[in-house]
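A short write-up of the structure that comes next.
The values are calculated or read from the model by the stated rules, or taken from the named source; none is laboratory data. Just so we're clear, the structure is a prediction, and the values are computed from it rather than from any experiment. With ideal geometry, Cβ positions are generated from the backbone for all residues, glycine too; neighbour counts draw on all protein chains shown. The protein model used for the area step is the full one, side chains on, heavy atoms only, and it has no ligands, DNA or RNA in it. Shrake-Rupley method; radii C 1.70, N 1.55, O 1.52, S 1.80 Å.
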Amino acid sequence: MTTIKNILIAGCVCCGIAAATASCRENEYGTVDLTMPENQYTPIAADFSYSGVTGLYTTADFQRVRQALANGTAPAAVQQEFQNLKNSSLASKSRKATPHVQIVRGDPTGTTENTQNYGDAMRDAAAAYQMAMLWLLTDDADYAATASKILIDWAQTCTTITSNDADFNLAAGAQGYTFALAGQMLMGYDGWTESQKTAFKNWMKNVFGKTNREFLDNHAKGTSFQNGHKNVDRTLWDEHYWSNWDMVTMASYMAIGILCEDDDMVNFVVNYFYSGAGNGCIKKLIRGTHTDPLGTGETLCQNQESGRDQGHAQMSLAVCAHLCQMAYSLYQQNPSVKELDFFAADDNAVLKMAEYVALSNLRNGTDDANKTGSFLVTATQMPFTEYHHCPGASSATDDNLHTQLSETDRGGARPGWEIILAHYKSLGSGFVYTKQMADKIRPEGGAGEPANRYGMNSGAFDQIGWNTLMLYK
């Protein structure tokens, strides 16, 4: 597997601590630190071929899995996940969409809806995604008809994503990439007219994509909030938002770019991943490099949210895995654009981050949800680099000093481990804890699965899942 070493440029230190000594320049991807020219990243402006890309995966992936399911050669875990997907509570061919003019996540004050309603978009997007997958794997047009009707109804009804705070950006990200990937998988469905497909693409770009880009460009600078954020220096917003905010937003903007075959959108996300201003940039997503305390000799990379809580650290990693998979599927069609191999960035940094997050959360129980048994390490055993999140903010929830791994929400799991293991296992080593986590929860499933391991709140929908079906061999 290709590795990209020293391709990244270190960003400016969080909250401007190094501003007085570092020479920085603004470009459209954020602030670039010019004090390390030997590591300087050169933004790309590539032309891409989108042929052969189908959602998170490739057309060849779907052909392989479909054939294996048909002839009975698919591994038992793949067959089980296929059955689980067909039995998902979200994959009903009689499902009707519940679209809204405004998608509201966060404070509804001043919206026409007067309440949060993003749950309807969240469930409908996941339903469309799951049924689009089933159509590709079964050729049952009823799945495609139901999924496309969901997308049509939302595109014809919804005009904005909003709230009286910044939280609407999370809906624009998490639901954005789910809707976009569902639509991209359905592009070959003849029952969805070309004019309807065009309308859907325009909706994705003008409602979700516009919101995504505004967030990545500005991170809500200048917006007035009532929750203590308002006293933070506006120049510090780029790293104020936790990495999961950038991750879902980058995933959405990338998915929409692929859906619309918009090179500029895809190039923007690629360049942001390597040199962006916010915590979705790989150099800011990782906040410490350590050696495995259990003696494997592995290098572990600390996630930006590992001192906050483990639910968000796992979310950050899981969405990053989905983003990397999306980019890698495009890379397989564009092998000359090495920067699309996010997995290889900074000497396989994503794998090292996965190992840190997995070890932080693994229990020694035998259940398939990682909720029983003792932790493999205590929180204090985990090596940790001190991280000060937004010093000077008026709210204690913003200005906080992380000095050790957070014990909040330890354990459990989120879908996405199968992506990481499937990609890196060819290395032969370096994935001890990722493998343990993937093996434990396989088949990993997703929202709506019969076992309901992830629940049905927003956390279950931040990442898509169902990767055992497509990637386990």
Solvent-accessible surface (1.4 angstrom probe) belonging to residue 312, in square angstrom, nearest 10: 60 Å²
Residue-averaged [θ]222 nm for the chain, counting only DSSP H segments that reach four residues, each worth -39500 (n - 2.57): -13000 deg cm²/dmol
Members of 149/440; 197/425; 283/435 lying beyond 28 Å, as alpha-carbon distances in this model show: 149/440; 197/425
Linear extension gain, residue 94 paired with residue 457, 0.36 nm per residue minus alpha-carbon span: 128.5 nm
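Figure the gain on full extension for residue 367 and residue 193 (residue separation times 0.36 nm, minus the Cα-Cα span) and round it to one decimal in nm.
Taking 0.36 nm per residue and subtracting the Cα distance, the gain is 58.1 nm.
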Distance-filtered residues of the stretch 445-468 - backbone nitrogen under 12 Å, label point 7 angstrom along residue 87 Cα→Cβ: 449-452
Net charge of neighbours whose Cβ lies under 12 Å from the Cβ of residue 299, counting Lys and Arg as +1 and Asp and Glu as -1: -4
Length-normalised contact order for the stretch 59-196 - Cα pairs under 8 Å, 6+ apart - percent: 29 percent
Potential lengthening between residue 66 and residue 156 on full extension [0.36 nm per residue; Cα-Cα distance subtracted]: 29.1 nm
Whether the stretch 36-183 is rounded, prolate or oblate, judged on the alpha carbon gyration tensor where a/c under 1.5 counts as rounded: oblate
For residue 161, residues with placed amide H under 5 Å, excluding near neighbours: 103
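Taking 8 Å as the Cα distance limit and 6 or more residues as the minimum spacing, I'd like the relative contact order of the chain as a percentage. Please report the intermediate quantities before stating the final value.
On the way: 930 pairs, mean separation 90.1, N = 473.
Here the relative contact order equals 19 percent.
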For residue 195, solvent-accessible area (1.4 Å; no DNA, RNA or ligand), Å²: 90 Å²
Total formal charge among the other residues, if their Cβ is under 13 angstrom from that of residue 310, Lys/Arg +1 and Asp/Glu -1: +1
Shape of the stretch 380-473, Cα gyration tensor, a/c cut at 1.5: oblate
Cα gyration tensor, the stretch 322-433 - rounded (a/c under 1.5), prolate or oblate: oblate
Two-site label geometry, residue 47 and residue 291: point separation in nm, points 7 Å out along Cα→Cβ: 5.0 nm
Probe 1.4 Å - accessible area at residue 291, Å² to nearest ten: 100 Å²
